[in-house]
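Shown next, in structure tokens, is the structure this report addresses.
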Amino acid sequence: MTAVMDGALPPWRQRLRGALKREGRQVSARWLQLATVTADGTPRVRTLVFRGWSGAAQLELYTDGRSSKTAELTHQSQVELCWLLSKAKQQYRLRGTAAQGAPAADQSQWRSLSPSGRALWGWPHPGQPFQSVAPFPQELPEDAPIPEHFIVVQISIQQVFVKVPLHLLYAWQYVLQHDFLMLQSFLHAFFVSPSFIFIFSPSVYHVGAFAGLFQVASRLFSMI
Ligand SMILES: Cc1cc2nc3c(=O)[nH]c(=O)nc-3n(C[C@H](O)[C@H](O)[C@H](O)COP(=O)(O)O)c2cc1C
């Protein structure tokens, strides 16, 4: 397999960048939903702010180490993110593996937050009974010591499913294995999971043709 050339974005990142551009300065364009699994196997989902890219297929989230999700991620690091770009009417489902860690030594992540954004990490322990007398700072300055529970979560994305508003029900699905090119990922993914439909054409007719072809191929494949 050939890795994506240096500096080149995976195809789904280029599409996502276009969709984000259409959202303009809409704050909600940076909100995504993170789904995790608890120790008892039940699902949890909540909204987080997308903080940036730390690799071609790796994104960053910030959270509070005292929140439930950190225990869930320790128990099960496989996650799914759902990112809706409403103006583009595109939904990105990103599957990957989460790694939790301390912020970088240069404190860039902590400093990237606004004073009011940083203040959330100065609030009392989440999930505990509310106490009105507890400190709820409105702001924390850039040079405030970084709380131990300021956690950077890096999601390494392995699979991307993009639903675009074609006429009908079909989604474009890009599958990416690490930084491998889409076509190679396509071949790889086909052999791993022949029941998926991979479409690289915006034409709904091509979609139908591909879908038919793949259904036949996957049946043949499953007989082998
Ligand atoms: C618009 C919005 C943005 C949020 N951004 C974050 C975030 O970046 N990081 C975070 O840990 N929680 C964020 N939250 C709070 C989470 O949705 C969640 O309530 C909290 O993290 C506790 O989740 P948990 O108990 O499942 O760990 C946000 C909530 C909203 C409504």
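Only the coordinates and a few stated rules stand behind these numbers; no lab work does. Keep in mind the model is a prediction, meaning the values are calculated, not measured. Glycine gets a Cβ as well: all are built from the backbone with ideal geometry, and neighbour counts include every protein chain shown.
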Review point. Ser114: net charge of surrounding residues, Cβ under 14 Å, Lys/Arg +1, Asp/Glu -1, itself excluded?
Key: +2
Review point. Quick one: if you stick a label point 7 Å off each Cα along the C-beta vector at Phe136 and Arg25, how many nm between them?
Key: 2.8
Study note, to complete from the structure: So Arg95 and Ser68, fully extended at 0.36 nm per residue minus their Cα-Cα distance, gain in nm 7.7 nm
Study note, to complete from the structure: Note, Thr36: beta-carbon cut-off 13 Å, +1 each Lys/Arg, -1 each Asp/Glu, net +1
Revision key, fill the gap. A correct Stokes-Einstein calculation for segment 1-86, using the alpha-carbon Kirkwood radius, 20 °C and 1.002 mPa s, returns a whole-number D in µm² s⁻¹ of 146
Practice item. Give the shape of segment 6-174 as rounded, prolate or oblate, defined through the alpha-carbon gyration tensor: a ≥ b ≥ c are the square roots of its eigenvalues, a/c under 1.5 means rounded, and otherwise the shape is prolate if a/b is larger than b/c and oblate if not. Key: prolate
Exercise for review: Just grab the label-to-label distance for Trp53 and Cys82, each label 7 Å out from Cα along the Cβ direction, in nm (one decimal).
Suggested key: 2.5
